[in-house]
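Engineer: Please see the structure below; I have some questions.
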Amino acid sequence: MLLYNGYIKFEGTELCADSNIFHPDFINNLEVKVLIEQIYTKRLYLRKMKMADAHRLFKIWSDPEVTKFMNITNFTHEEQANDMIKLFDKLAEERKATRLTIIEKESNEIIGSCGFNAFDEANASAEIGYDLAKAYWGKGYAPESISALIDYAFTTLNINRIEAKIEPGNINSIKVVEKLNFTFEGTFQEKEDSNESFYDINVYSLLK
């Protein structure tokens, strides 16, 4: 996700998996029949993003360690976070994608975000994505939040296939999808274009 001359460009997958939300293959003929408002897990509360989340999300999205594999330049102004939340709201209203804020129950602290970058209704598939503040890496929060999204997608949205697109060097995200029993389908060489440079993408999938 990037701010270019007043508009948002969202690309890449990752830190974890945030990829090509504006790709025409996903934008056409998409509709999500059920919007996700909130999901509870043992330690987390996932809910629809709010503008009030911008300050904390900016701190996360401005960390170069977090954005390293998101294929973006880390944010430098809080207004960029405001614009990103507005974009997510618009995509959710159009039933094209959805993004939730991740909150740690114990501390009531916003620790990241997750959701579906795109829905392909015709083929009952979706692409998953997430990001997590560095202080919360290695605590099992990524698989916990993603697992909840997967369960919701399979049981409520009638999704049949969930994809994750991850750069080969993003070992942490690869470990997350492997833990959740995703299948590695292969590597697309120089698949994604960012900052005038192409890079490889691993594709992982999980079937209902």
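Engineer: All but one of (1) in contact with a Pro (Cβ under 7 Å, 6 or more places away or on another chain); (2) surrounded by fewer than 20 Cβ atoms within 10 Å (Cβ to Cβ) hold for Phe184; state the number of the condition that does not hold.
Structural biologist: (1)
Engineer: Would you be able to tell me the number of residues in the stretch 42-80 that are over 14 Å from Gly112 (Cβ atoms), surrounded by fewer than 17 Cβ atoms within 10 Å (Cβ to Cβ) and charged (D, E, K, R)?
Structural biologist: Adding up the residues that qualify gives 5.
Engineer: Of the residues Ser173, Ser113, only one is polar (S, T, N, Q), part of a helix (DSSP H, G or I) and within 30 Å of Ser197 (Cα to Cα); which?
Structural biologist: Ser173
Engineer: Identify all residues within the stretch 88-134 that are without any contact (Cβ under 8 Å) to a residue 12 or more places away in the chain and of a type in the set (Lys, Arg); write none if there are none.
Structural biologist: Listed by number, the list holds a single entry, Lys90.
Engineer: Anything in the stretch 97-109 that is hydrophobic (A, V, I, L, M, F, W, C) and either part of a loop (DSSP other than H, G, I, E, B) or over 30 Å from Glu121 (Cα atoms) (or both)? List them, or say none.
Structural biologist: Step one: filter the stretch 97-109 for residues hydrophobic (A, V, I, L, M, F, W, C), giving 97, 100, 102-103.
Ala97, the sole residue that qualifies.
Engineer: Further question: Give the stretch 48-80 a look and list any residue that's closer than 18 Å to Thr98 by Cβ, within 13 Å of the chain's Cα centre (by Cα) and either hydroxyl-bearing (Ser, Thr, Tyr) or in a helix (DSSP H, G or I) (or both), or say none.
Structural biologist: The answer is Trp61, and nothing else.
Engineer: Can you say whether Lys179 is under 26 Å from Glu65 (Cα atoms), surrounded by 13 or more Cβ atoms within 10 Å (Cβ to Cβ), basic (Lys, Arg) and modelled with pLDDT under 95, as far as the supplied structure shows?
Structural biologist: Considered against the rule, which asks whether it is under 26 Å from Glu65 (Cα atoms), surrounded by 13 or more Cβ atoms within 10 Å (Cβ to Cβ), basic (Lys, Arg) and modelled with pLDDT under 95, Lys179 comes out as no.
Engineer: Of the residues that sit in the stretch 66-90 and are of a type in the set (A, V, I, L, M) and at pLDDT below 90, which one is nearest to Asn202 (Cα to Cα)?
Structural biologist: Looking at residues that are of a type in the set (A, V, I, L, M) and at pLDDT below 90, I get Met70.
Engineer: Let me ask something else about it. So in the stretch 123-143, with the set limited to residues that are of a type in the set (A, V, I, L, M) and part of a loop (DSSP other than H, G, I, E, B), which one is farthest from Ile39 (Cα to Cα)?
Structural biologist: Per the criteria, the residue is Ala124.
Engineer: Pull up the stretch 135-171, narrow it to residues that are of a type in the set (S, T, N, Q) and touching a Phe, Trp or Tyr at 6+ places or on another chain (Cβ under 7 Å), then point me to the one that is nearest to Met70 (Cα to Cα).
Structural biologist: Residue satisfying both the conditions and the ranking: Asn170.
The values are calculated or read from the model by the stated rules, or taken from the named source; none is laboratory data. This structure is a prediction, so every number in the text was calculated from the model and none was measured. Every residue, glycine as well, gets a Cβ built from its backbone with ideal geometry; the counts of neighbours run over all protein chains shown.
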